[in-house]
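Student: Questions regarding the structure given below will be posed in turn.
Every number in this text was worked out from the coordinates using simple rules, so none of it is lab data. Quick caveat, the model's predicted, so the values are computed rather than measured. Glycine gets a Cβ as well: all are built from the backbone with ideal geometry, and neighbour counts include every protein chain shown.
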Amino acid sequence: MVHVSEGYEARVQTSRERMRLSQVRKSFDAGLKQKVGGANITEAFFGACVAYIKASMDRLHDQDQRIHDFLKPHVTAGDDQSATLENLDMRLAKSREALDALVAAAAVYKAAGEAGWADFKTAVEAFMEVYFKILLSGQHSTLTLQEEVFDEAIWDKVAGVTPDSLATENALYSAAQGLAPDDADPASFVGGPPAPGAGPPGQQGKRPGS
């Protein structure tokens, strides 16, 4: 794997990815609400949002899995930290399952057209339930142990930032942005919380050179 940065800078990039995932999710939600209200929001926009969410959350899952795997040798079976890692495993499994269901629902909606809207909307609601109540609710549960154990080299491996990952993320974000309806541009929304270990306030989520 060819990394584009090391340690702290990799964490800043990871924070930016998670910020932009939050922005696309909010754009997605805004588009859904507009469609429920009667606006003509295209399936292509929802499809672009799901494509971004899929790619971004695959990376988030992989990063959290690496956090789990790097921390596991540093915990003792039966202690509080061991239980925290077991909980992380559970949350990742449920999040992956919910993401797969969302992607499948988007494919059905694309094939069915407006006849598939109601089922797609139901699938989105189920996904968001898992996203907020299971994945995000424990996002920083291992933060203290990360700070004790991880050095900059480990953070670089956790982040897994490469030229390909940057190019893919940018293309998918631009696609969702280009199809976004009025008042739902992803860039108009404030992003979510920074990724664990992303550095001091004022640096989190910034683009290189900003």
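Student: What base-10 log of the normalised intensity I(q)/I(0) is obtained for the stretch 8-181 from the Debye formula, alpha carbons as equal point scatterers, at q = 0.13, 0.20 Å⁻¹?
Tutor: -0.69, -1.32
Student: Roughly what would the spin-label model give for GLN65 and VAL149, points 7 Å off Cα along C-beta, in nm?
Tutor: 1.7
Student: Taking loop as defined by DSSP and a crowding limit of 16 other beta carbons within 10 Å, which GluC sites (Glu not before Pro) in the stretch 1-84 fit?
Tutor: Sparse-neighbourhood loop GluC sites (Glu not before Pro): GLU6.
Student: Between LYS94 and THR122, with labels modelled 7 Å along Cα→Cβ, what's the label distance in nm to one decimal, could you check?
Tutor: Distance between the two pseudo-spin positions: 2.1 nm.
Student: Counting only other residues whose beta carbon sits under 10 Å from that of TYR52, what net charge do I get with K and R as +1, D and E as -1?
Tutor: Result for the local shell: +2.
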